[in-house]
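Data block below; observations after.
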Amino acid sequence: MRGRHADAAAYGLGVLDDPEEFEAHLLGCARCRGRVAGFGPVAGALAEAARLG
């Protein structure tokens, strides 16, 4: 993956430095929207792990 596509994981996990720019990319990229959606469960599990300490 190259360019903006490489940012899908960071965006999906909420750690992307410039989310606004990537959000503009998401509007036209179904591939990245799918990849970001796939990180939902991972982000939720990480948030729960952090909450539990």
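The values are calculated or read from the model by the stated rules, or taken from the named source; none is laboratory data. Only a predicted model underlies this, so the values are computations on that prediction, with no experimental measurement involved. Glycine gets a Cβ as well: all are built from the backbone with ideal geometry, and neighbour counts include every protein chain shown. Note: accessible area is taken over every heavy atom of the protein model, side chains too, but ligands, DNA and RNA are not part of it. Shrake-Rupley method; radii C 1.70, N 1.55, O 1.52, S 1.80 Å.
Odds and ends about this structure:
- Within the accessible area of region 2-52, the carbon and sulfur atoms contribute 59%, probe 1.4 Å, all protein chains present.
- Debye, to nearest 20: dipole size of the chain, +1 on Lys, Arg Cβ, -1 on Asp, Glu Cβ: 320
- Relative to the longest principal axis of the Cα atoms of the chain, the long axis of helix 40-52 makes an angle of roughly 30 degrees.
- Compactness of the chain, taken as the C-alpha radius of gyration over 2.2 N^0.38 Å, stands at 1.19.
- Rolling a 1.4 Å probe over the protein heavy atoms gives the chain an accessible area of 69 Å² per residue.
- Over the chain, Cα pairs under 8 Å with separation of 6+ residues give a relative contact order of 42 percent.
- Taking each DSSP H run with n ≥ 4 as -39500 (n - 2.57) and averaging over every residue of the chain yields -19000 deg cm²/dmol at 222 nm.
- Ala43 paired with Glu20, simple spin-label distance in nm, labels 7 Å along Cα-to-beta-carbon: 1.8
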